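A.B. asks: Got a structure for you, written out below as structure tokens; questions coming shortly.
Quick note: the coordinates plus some simple rules give every number you see, no bench work behind them. Since this is a predicted model, take the numbers as computed values, not measurements. Here the Cβ positions follow ideal geometry from the backbone for every residue, glycine too, while neighbour counts run over all protein chains shown.
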Amino acid sequence: MSEQQVMDVPFLDLAAMTGDVRAAVSDAWLDLLDSNRFIGGEAVDRFESQWAAYCGTTQAVGMANGTDAIQLTLRAMNIAEGDEVIVPANSFVATAEAVVLAGAIPHFADVDPATLLLTADTVTAELTSRTRAVIVVHLYGQMVDMDAIGRVAERAGIAVIEDAAQAHGATWRGRRAGSVGHAGCFSFYPGKNLGAFGDAGAVVTSDATLAAQLRSLRDHGRAGGSHYDHAYVGTNSRLDAVQAVVLGAKLERLDAWNMARRAIAAQYRAAMAATTIDLIAEAAGARGVYHLAVVRVPQRDRVRQWLDERGIATGIHYPTPIHLLTPYQQLAREPLPVVEQAASEVLSLPIFPHMSQQQIEHVCGAVEMADELLLTPEAIGA
Ligand SMILES: *Cc1c(COP(=O)(O)O)cnc(C)c1O
């Protein structure tokens, strides 16, 4: 591919995934119309059992979205005012936002330069006497080293909450995202690897007491099956049956879709082997599901424009670390050099299960040419 023409490569193609489940969802929605059970009920129970079984936990509790999944998990653990929760500074803002919404204080941590994930060392550096939990984020679809984090957390006596919103189906030494910590929080926002046709979320855990607490909190603090007895100040964060049937239909395809994502990532890696550009490293023991295909490049904005001129849509996850965003700046205690450097270099390439071979090759060719023409030693000041 020497002569590069323009070919439209969207960042994500939801339509193809929707097409795969269209018939199954229409049938299930028609049944739902007849049942008139739009919130909770059999459809939600069924998806919760399927999702718990898939993740390898005994419980799954459907929620209205992923932010509530994290916030209510913290509240169910009685983490509140004055408590500190360690979060990586390079996540979607919701990770830290949920901590603030629960009344606690997010304490921002740096990450490993190769994987951009929390490590035992970066978590240990942020521990204080007020730390109650760490939220590990399986960023871009790759799981954190849960063995190392587990040892740190056990020694410190703090809970491990997994933000698995980008990691549906990812594994760490064979264990699925969400099942290794005390609780795993998922978003089913449409663009996630498992996405609803609207907002949805869930918490998975094998702690039955925690799950019961979450079921109460998501439903106005209702106590044990009673409609008018409210044991807690809860909220309304229930999962709609309308979304549960979509998730059930898509769950049947999740492994195949994740395999397709991994195959695309492998092609990207192979094509970039001879360049100075590479995808974020996959840690030994981790099997990622490539929610995003992220490279680190100097001259990121020039490379991004180069790809744009060739029809290739890209993203940046995330342009500003959370501790540098206006509402969170007052909580930042120190510079976080790895996160801050990465924010100016990360670039997310298109990746979605139905990407065509031509689209994949077009991206590979454009990245190779960008490396040759834009990332010369003179250009990057090496
Ligand atoms: C999407 C996402 C969330 C939030 O989920 P919502 O369903 O949008 O509330 C939380 N954390 C991470 C890492 C995410 O990517």
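A.B. asks: With a point put 7 Å past each Cα toward its Cβ, work out how far Leu33 is from Ala266 in nm, to one decimal.
C.D. replies: Taking the two extended label points, one gets 4.3 nm.
A.B. asks: What base-10 log of the normalised intensity I(q)/I(0) is obtained for region 99-203 from the Debye formula, alpha carbons as equal point scatterers, at q = 0.10 Å⁻¹?
C.D. replies: Log-scaled intensity ratios, in q order: -0.27.
A.B. asks: Among 73-86, 195-208, what's the highest-first ranking by average C-beta atoms within 10 angstrom per residue?
C.D. replies: Ranking the peptides 73-86, 195-208 by packing returns 195-208, 73-86.
A.B. asks: Between region 142-197 and region 352-382, how far is it from one alpha carbon centroid to the other, in angstrom?
C.D. replies: 31 Å
A.B. asks: Only sites in a loop by DSSP and with at most 14 other Cβ atoms within 10 Å count here; which trypsin sites (Lys or Arg not before Pro) in region 194-238 make the cut? Spell out each step's value before the answer.
C.D. replies: Values: sites: Arg215, Arg218, Arg222, Arg238; in loops: Arg218, Arg238.
Sparse-neighbourhood loop trypsin sites (Lys or Arg not before Pro): none present.
A.B. asks: Bin width 10 Å, origin at 0, all Cα-Cα pairs of region 219-330: what percent of pairs per bin?
C.D. replies: 10, 23, 24, 24, 13, 6, 0
A.B. asks: If each residue of separation counts as 0.36 nm, what is the full-extension length gain between Ala274 and Asp207 once their alpha-carbon separation is subtracted? Walk me through the numbers before you get to the answer.
C.D. replies: Values: separation 67, 0.36 × 67 = 24.12 nm, distance 4.77 nm.
Stretched out fully, the Ala274 to Asp207 stretch lengthens by 19.4 nm.
A.B. asks: Follow-up question, since we're still on this one. Just Val99, Val246, Val303 to compare: in a GNM of the chain, with alpha carbon springs under 10 Å, which one fluctuates most?
C.D. replies: Judging by the Gaussian network model, the answer is Val303.
A.B. asks: Using the per-residue mean of other Cβ atoms lying within 10 Å as a proxy for protection, in what order, highest first, do the peptides 332-340, 128-136 fall? It would help to have the intermediate numbers written out before the result.
C.D. replies: Details: 332-340: 15.3, 128-136: 19.9.
Highest to lowest by the protection proxy: 128-136, 332-340.
A.B. asks: Take region 63-150, compute every pairwise Cα distance, and split them into 10 Å bins from 0; I just need the percent in each bin.
C.D. replies: Values per bin, smallest distances first: 19, 51, 29, 2.
A.B. asks: OK, next. For Ile380 and Ala125, FRET efficiency with R0 = 41 Å and r from the beta-carbon atoms, rounded to 0.05? Please list the in-between numbers first.
C.D. replies: Working: r = 30 Å, r/R0 = 0.74.
After rounding to 0.05, the efficiency reads 0.85.
A.B. asks: With r as the distance between the Cβ atoms of Ala256 and Glu154 and R0 = 35 Å, compute the FRET efficiency 1/(1 + (r/R0)^6) and round to 0.05. The partial results should precede the final answer.
C.D. replies: Numbers: r = 36 Å, r/R0 = 1.04.
Efficiency, from the Cβ-Cβ distance: 0.45.
A.B. asks: Taking the chain as a Gaussian network, where each spring joins two C-alpha atoms under 10 Å apart, which residue of Cys55, Cys364, Cys185 fluctuates the most?
C.D. replies: Ranking Cys55, Cys364, Cys185 by mean-square fluctuation puts Cys364 first.
A.B. asks: Go ahead and set up a Gaussian network model of the chain, Cα springs under 10 Å, then flag whichever of Asp45, Asp145, Asp163 fluctuates most.
C.D. replies: Asp45
A.B. asks: Also, I was wondering about something else. With the convex hull built on the Cα atoms of region 159-254, state its orientation-averaged projected area in nm². Intermediate values should be presented prior to the final figure.
C.D. replies: Numbers: hull surface 27.7 nm².
Reported value for the Cα convex hull: 6.9 nm².
A.B. asks: Please work out the C-alpha center-to-center distance from region 291-339 to region 63-92 and express it in whole Å.
C.D. replies: 23 Å
A.B. asks: Using C-alpha positions alone, give me the convex hull volume of the chain per residue in cubic angstrom. Please report the intermediate quantities before stating the final value.
C.D. replies: On the way: hull volume 51.9 nm³, N = 382.
Cα-based convex hull of the chain, divided per residue, equals 136 Å³.
A.B. asks: Run the Debye formula on the Cα coordinates of region 1-136, all scatterers equal and no solvent, and tell me log10 I(q)/I(0) at q = 0.09, 0.19, 0.21 1/Å.
C.D. replies: Normalising to I(0) and taking log10 leaves -0.48, -1.12, -1.21.
A.B. asks: Right, next: Work out, step by step, the length gained on full extension between Ala231 and Arg22: first 0.36 nm times the residue separation, then minus their alpha carbon distance; give nm to one decimal. It would help to have the intermediate numbers written out before the result.
C.D. replies: Numbers: separation 209, 0.36 × 209 = 75.24 nm, distance 4.07 nm.
My answer for the length gained is 71.2 nm.
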